[in-house]
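These notes concern the structure reproduced below.
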Amino acid sequence: MGALRSATRSINLLILLPLLLPIITVIDPPHTRECARGVLLRSDGCRSNGSEEQWKGGGLGITSPPPFHCSSLPLLRQPSDRNRTPRAHSLVCEYQRFDGFYNNWANPNWGSVGSRLHRDSPSSYFDGVYTMNMSLPSARAISDLVFKGPSGIPHSRNCTTVLAFFSQVVAYEIMASTSVSCPLEIMKIPVPRCDAHFDPLCEGKTEIPFTRAKYDKETGGGINSPREQINERTAWIDGSFVYSTNEAWVMSMRSYHNGRLLEGPIDGYPPLNNPHVPLNNPPPPQIHRLMSPDRLFILGDSRVNENPGLLSFGLVLFRWHNYNADKIQAAHPDWGDEVVFQAARRFVIATLQKIIAYDFIPALLNGVELDPYTKYMPHVPPGISHAFAAAAFRFPHSIVPPAMFLRKRGHECEFRSEVGGFPALRLCQNWWNAQDIVREYSVDEIILGMASQLTEADDNIVVEDLRDYIFGPMHFTRLDVVSSSIMRGRDNGLPPYNVLRRSFGLPPKDWKDINPEFYVKNSEKMEKLKELYGGDISTLDSYVGGMLEGGDSGPGELFTVIIKDQFQRIRDADRFWYENKLNGLFTPEDLAQIQATTLHDIIKATTDISENMLQKNVFFWKDGDPCPQPFQVNNTGLEKCVPFMRFDHFTGNEVTYIFTLIGLACVPIVCFGIGHLLVKKRITMGWNEAFDDLSVSASVDDKESRSCYSVNAFEWLQEENVRQVIVEVDKGQLTVRKPRGRVLRKLVFATDAQIQLIHSEPRASTMHGPYVLITLPKTHDLVIRLPSDKHLGEFLMALSEAVRPLGGRVNAAPERNDLLLDRAETKERRQDRLDHFFREAYARTFDEHELCDSAVPVSADDSDTVLSETITRHELAQAMGMKESDMFVQRMFAVTAKQRSDCMSFAEFLTVLKRFTNASAQEKYRLLFQMCDIEGTGRVRRVEFADLIRSLSNVAGVKLDEHSHSNLVDSVLHRHGVCRELEYMNYEDFETIFGDVDHKRPVGVDFRGAKMRVNLKETASLSSFAVPSSQLVAIQKCIPKNIFSRWAAFLETYRQHTVIVFIFVAINILYFLERFWHYRYMTEHRDLRRVMGAGIAITRGAAGALSFCMALILLTVCRNLITIARETPLGEYIPFDSAITFHKIVAVFAAVWASIHTIGHCVNFYHVATQSQEGLQCLFQEAVFGSNFLPSISYWFYGTITGLTGIALVCVMSIIYVFALPCFMRRAYHAFRFTHLLNIAFYAITLLHGLPKLLDSPKFWYFVIGPIICFIIDRIIGMRQEYKQLQVLNAALLPSDIIYLQFKRPASFKFRSGQWVRVSTPAFSCSFNESHAFSLASAPQAPTLELYIKAVGPWTWKLRSEIMRAQANQSPYPLIHLNGPYGDGNQEWANYEVAILVGGGIGVTPYASTLSDLVLQTTSGRYNTVRCKKVYFLWVCPTHKNYEWFVDVLKNVEEHDEQNVLETHIFVTQFFHKFDLRTTMLYICEKHFRGEHSGVSMFTGLRAQNHFGRPNFEAFFRFIQSRHREQEEIGVFSCGPSALNEQISEGCSKANRVRNAPSFCHRFETF
């Protein structure tokens, strides 16, 4: 109880505090002196100087300043003359705020801007929360039934039009509760069929739009918190109609001179709206177009320019302020502008309070006055009530006339009879045109006219200017003010009529009791009204019932009570009310002067209207008052109202929208076209221009040293594939050599040869010409590019001289480059044609239609053409994977070609092919015997057989001297019973030699040219990897058979990748759904859902996911950070090897999200372009649009930062993505590199894209700030790892265009085996492709760094040329720039106890480092620290003879591999398969050679096992599983072409299906 009493005392103290503080303030001399020094305070407690502690109440802890003024001196004085001059004092401690806050110290928000409307009765929403009751009758039907009637009925109490329009001033002074809500809630008012104004065509489809009012967003959420509308004006009578409620607005209206409001060019008028203050500026319905806001006057209320009467009163009050300011300044010239302004404002507010409370209210309510003022009551809520705003104070609508008289100044009472050709100013034709009327006829004439003109009668009739022709939005220009009032009551949840009466202590009524007199006169109307409401008066709208109560005596008792209650609450709750003596604002003299001021006085002081031209009480006209109206205005004889018009906001935007969409759709198409042109241009040019400067340095032999003509050139092979050559022309032949001298091709001219030669047109060198196409029969064409037209002439002359001794002739003709290259049948094109003919010939010979080339349809009529096609010996050798000079080819060609020595037909070829395919093994050996039996004697010379074996050995790369080879052949023959003394061998000897061959497998010949292998099902020799049958059965049982288990095995193989991709996809989906949910369901106070539906949710969801993708994609290219992360525990869970693949996946997702976002916003922009100004204000709450500006689709696309950057992003992304496609990336790599630099622009533009905050604050930078920082750090690390000007210690040009570089190792350079670096050189430049990635070949322990580089592109060819030049001139090698090292999956080989390394071709380079590192660690005593216990190395290469450098590495590794950790297998793919006839002969020799040389191969000199053909990785992995069943996981590392990596991945996936066996983890690098 003690606590309760304490709380009660505290509450009472807080209530009494506002009353006690003025007393303390007045009697406190120091405080008064402080005020005298000019300390100015606002009502929120802010002070211009002094400390806040000075305001603390003694012991009470009150930090707020006193609530009242500390002035006790008179504000006004009564001058001796009749012009009363207001007096203000400088001792002002508090100025009343413009926004109404802190009027009540206990409840600072009461009566302020944005406060809720006051509920004086329970809400009556349909659902109890916010839903309008749409089951009630149509508001338009009620309006037509009850409120329609004749105009021109004079007011029974002779109220003037001043009362009608001043009531609008009062309404705008204290409330603005009809602003549209956000989101727009547009309800439809059904219009009765055949409505004379809204449905003249009787369509029955017209609906009047009604927009629900703005409300407090914290309400409407439940039954205990129903929707509450807000008042955007102050509820106080504080002059906000004159001064505004916004301080910035007030500041724009002030002149800051003598306390006056700013005047425009015309004296007595405010300036026009050149600053574009946000005044209301709807389109005048009579004009139906948006007008410039510059034409409007700037006053305190944005609605003041609505009609001439309202504007006239606004100008009068504007002048009234300046009038008082001038008087105060004249009386107190020492006062500053602010003091004078505030003094004048206080006096204006006070006079306005007096006129409204004590003059206007009695006039409106037929003599009903407010109760006498007693005191300030802080507990009384001043808020505007729903009943007042939505019903009661709409009663003055019934007294508004349809037109306004204009009366000239003077004593003759002359009314204007020609106002636009009519006797009065029609209201419906002058909405939002008031400023022109005022400027043309003056305020005086409008005021005089209103003072003489009587209003319409106090009844239920509303003139058609309001009921049918009130202004509306652009898309529906005319509205019904009565229908809107009825709907507003329903919108505000007003209770029904009788419920509202009970709330105000009035008894309920029945239909007949509402207005008995009206019921008697209009019983039929009342019965129809009753019928509309279903006879239930409990549902009657309060507005309708209240209006029906009214009559000649003014508003009925309900509206009278509501209006009186409202203004009494406003008066009593106002701390600044002029009658509140406690606030110290005014002295008794001041109060007397205020009480004596009337609207008549204000008008007379602010206009040129004289005393005898205006009655004392301007609200009434009585007999004897000046100038009665000439007649009661009605619709007759007035200007006709323009009927309502509709408008589609999208009208006129169709063309722009369609062409914009077409343009956006064409952007990627144009990019495709540009990419295609670049590729085509490169194909047309035949090469990259980077090759142009190579010819000057490619020559190895000087021209003068040769007797024949030679020229440096480039051979054009196909599209971008070219090679540097030296062309030599000698008598009867043309030779194409490599720069180092090896012959690439030789053309021998026959006698009387007719050489067809086509060359480029003159001056083709500007397009990378001239080209020369040489066509010879029975072989593919030769296309070379010469350095210049001068060289072309020399070449033609030399070629003519070379064939002249043979009687030949050169037929030369010029041609365009592109046509020349199109008709060239190069080796590749010839090979494609041969492949086609091979397939067709196979299909027809073996009746295997599945072998047909489906890509090239061939009719049955082509059979003879196919079978009669000829191929040369060279082409046969190519088809067999051998050279034309190889003995095996020559012997086979001799056996096959029966009629010609230089070519054979397909029919002849297929005859032999059948023998190799379908014949028995003995017949195949007999064919081989025939190939050796040149003379056909039935026996073969021992030497010839040895020569055939030697030829095949040379092809296979066997490095044996003559003596060793002879001993090997003798040993093989001797072991099979052929004596050394025998000079000849017969067929039986052949059968004995091949007796060791497994005849279960058919022996044939592999013809690679056909890209197929007939009867050669096994692709590799893997007999050494055979799994024991017992284990094989166990393994087969462990292999799952159903599809689910296979999927499980696949997921296990790629578990890391699967988890990462799953997380990535999940985050994408989550971001999308989160943004989708937010914009679909959470942004209810934005107009997004109404305008764009699900479209905005989809586009914003896509934007969120896109932001995530574009942030993540940056991390995938941070190579240095990835290299560091590999060394951390993250490397165990994240497959960093697939960073680039993941980069592509992220890019694909980003492209999908970007497409959804773009397409969605194209649709959204259409919806936005259909919106009204109100809809746009709700939709884009951060944007400000001019009141005369309705944004078109052009504006949204091309007039906003969002639109322009969106289009720019579409263009940039299209360029980046199109040129990143493999088809363009491979053939126009420079374009790919260049366009990828646009990513910088992409991120910058994306950041700009969200800056306007049209829909939301930008979020993209939240996503990218972290990745951008990581990217910058990565680049900083990269710069720290740059090593400049490294000296090349040694270099060599190896076979197969491989370049060997050995250069100095920087002291701080540390790396792990398997890593790679980026290399560039200042010796030459190559656009956009300066740095190139190469794997390190040296061991981490080596003092130098080594690289093996294959020359395949412009940069590597230039490097090769520089090395050639250095070697030829004995000059220093070019310097090297190094950047790295960078991590790679191959560096993790040491993390597994069993590792499998697979290198393909030049992909063995990283394993040169890895294997060297392995043996160095195992031989250095650190073997116990090396986790890897067994390494299987598989080398897949076309032929190892071109990789002798790597063979040397393997020899060194084998020599040092004391622990037998390494097991090597070499697969030669360019030679033959195990069961190829040629391979069989070599296997026999290899078997004997290994037996006699401690297991060393005759092919490589290594102990490594050799296999001919491609490895069967599935079988190999099964073998490894059987051998190492104790392991849980085995690492598989590969480097090579993508096809090789795919085969390994597939093999791992299949092997991982086996349960209870080691799983394989594949890491790879693709080049």
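The values are calculated or read from the model by the stated rules, or taken from the named source; none is laboratory data. Keep in mind that this is a model prediction, so the values were computed, not measured. Backbone-built Cβ (ideal geometry, glycine too); neighbour counts: all protein chains shown. Areas reflect the complete protein model, heavy atoms only, side chains present, ligands, DNA and RNA absent. Shrake-Rupley method; radii C 1.70, N 1.55, O 1.52, S 1.80 Å.
Debye-formula intensities of segment 277-318, expressed as log10 I(q)/I(0) at q = 0.26, 0.31, 0.32 Å⁻¹, are -0.94, -1.17, -1.21 (one equal scatterer per alpha-carbon, no solvent). Computed over segment 311-428, the P(r) curve from all C-alpha pair distances, binned at 10 Å from the origin, holds 10, 22, 30, 26, 11, 1 percent per bin.
Among 188-196, 754-762, the peptide with the highest mean count of other Cβ atoms within 10 Å heads the list, and the full ranking is 754-762, 188-196.
In µm²/s, what is D for segment 1130-1279 at 20 °C and 1.002 mPa s, where D = kT/(6 pi eta Rh) by Stokes-Einstein and Rh is the Kirkwood radius from Cα pairs?
119
Backbone phi angles across segment 237-249, fed through the Karplus curve with coefficients 6.51, -1.76 and 1.60 (θ = phi - 60°), yield HN-Hα couplings of 7, 10, x, 5, 5, 8, 9, 6, 9, 10, 4, 5, 4 Hz in residue order; Gly and Pro are listed as x.
Treating each Cα of segment 335-378 as an identical point scatterer and summing with the Debye formula, the log10 of I(q)/I(0) at q = 0.17, 0.23, 0.25, 0.29 Å⁻¹ comes to -0.63, -0.82, -0.87, -0.96.
Remark: spin-label model distance Ser1308-Asp822 equals 5.8 nm, labels positioned 7 Å along the Cα→Cβ axis.
Taken over the Cα atoms of segment 1061-1128, the convex hull encloses 95 Å³ per residue. Here r is the Cβ-Cβ distance between Trp1047 and Met797 and R0 is 45 Å; the resulting FRET efficiency, rounded to 0.05, is 0.05.
Shape verdict for segment 285-368, please, from the Cα gyration tensor: rounded (a/c under 1.5), prolate (a/b greater than b/c) or oblate. Judged from the Cα gyration tensor, segment 285-368 comes out oblate (a/c at least 1.5, b/c at or above a/b).
Gap in Å between the Cα centre of segment 367-419 and the Cα centre of segment 587-660? The distance from the Cα centre of segment 587-660 to that of segment 367-419 comes to 11 Å. Name the residues whose placed amide hydrogens come within less than 5 Å of the amide hydrogen of Asp730, ignoring near sequence neighbours (fewer than 5 apart) on the same chain. When sequence neighbours closer than 5 places are left aside, the close amide H contacts are Thr735. Whole-Hz Karplus values for segment 418-431 come out as 10, 8, x, x, 9, x, 8, 7, 5, 5, 5, 9, 9, 5 Hz, taken residue by residue from phi with 6.51 cos²θ - 1.76 cosθ + 1.60 and θ = phi - 60°; glycine and proline positions read x. In this structure the amide hydrogen of Thr211, modeled in the peptide plane, comes within under 5 Å of the amide hydrogens of Met187, none closer than 5 places in sequence on its chain. Each residue, Asp1256 and Gln756, gets one label point 7 Å from its Cα in the Cβ direction; the gap between the two is 6.8 nm.
Quick one: grab the alpha carbon gyration tensor of segment 1057-1182, order the square roots of its eigenvalues as a ≥ b ≥ c, and give me rounded if a/c is under 1.5, else prolate or oblate depending on whether a/b is larger than b/c.
In terms of gyration-tensor shape, prolate.
Using the Cα gyration tensor of segment 164-280, with a ≥ b ≥ c the square roots of its eigenvalues, what is the shape: rounded (a/c below 1.5), prolate (a/b larger than b/c) or oblate (neither)? It is oblate, given that a/c is not under 1.5 and a/b is not larger than b/c.
Across the cross-link table entries Lys1144/Lys1304; Lys1310/Lys1429; Lys1284/Lys1350; Lys512/Lys564, which are compared at the Cα atoms, the separations over 29 Å belong to Lys1144/Lys1304. Label-to-label distance for Ser1194 and Ile1140 is 4.8 nm, based on points extended 7 Å past Cα in the beta-carbon direction. The simple Förster model, with R0 at 30 Å and r as the Cβ-Cβ distance, assigns Ala596 and Glu418 a FRET efficiency of 0.15. Summarised as an ellipsoid, segment 1260-1409 has semi-axes of 28, 22, 15 Å, derived from the eigenvalues of the Cα gyration tensor scaled by 5 and square-rooted, with the largest first.
Per-residue 3J(HN,Hα) values for segment 132-138, derived from phi via the Karplus relation 6.51 cos²θ - 1.76 cosθ + 1.60 with θ = phi - 60°, read 6, 7, 7, 7, 6, x, 4 Hz in sequence order (x marks Gly and Pro). Taking 28 Å as the limit for the C-alpha separation, the pairs Lys1430/Lys1451; Lys205/Lys525; Lys188/Lys214; Lys214/Lys530 exceed it in the case of Lys214/Lys530.
Taking segment 1101-1140 and a reference point 7 angstrom along Cα→Cβ of Leu1238, no backbone N atom is nearer than 11 Å. Database remark: amide H of Leu1375 closer than 5 angstrom to the amide H of Ala1323 (H placed geometrically; neighbours at sequence offset of 5 or more, or on other chains; Pro and chain starts carry no H).
Accessible area of Glu815 (1.4 Å probe, protein heavy atoms only, ligands and nucleic acids ignored): about 50 Å².
Dipole orientation for segment 463-548: of the candidates Met526, Val482, Ser542, Ser542 has the Cα lying most toward the positive pole (charges on Cβ; Lys, Arg +1; Asp, Glu -1). Just so you know, the Rg over Rh for segment 1208-1282 is 1.07, from Cα atoms, with Rh as the Kirkwood radius.
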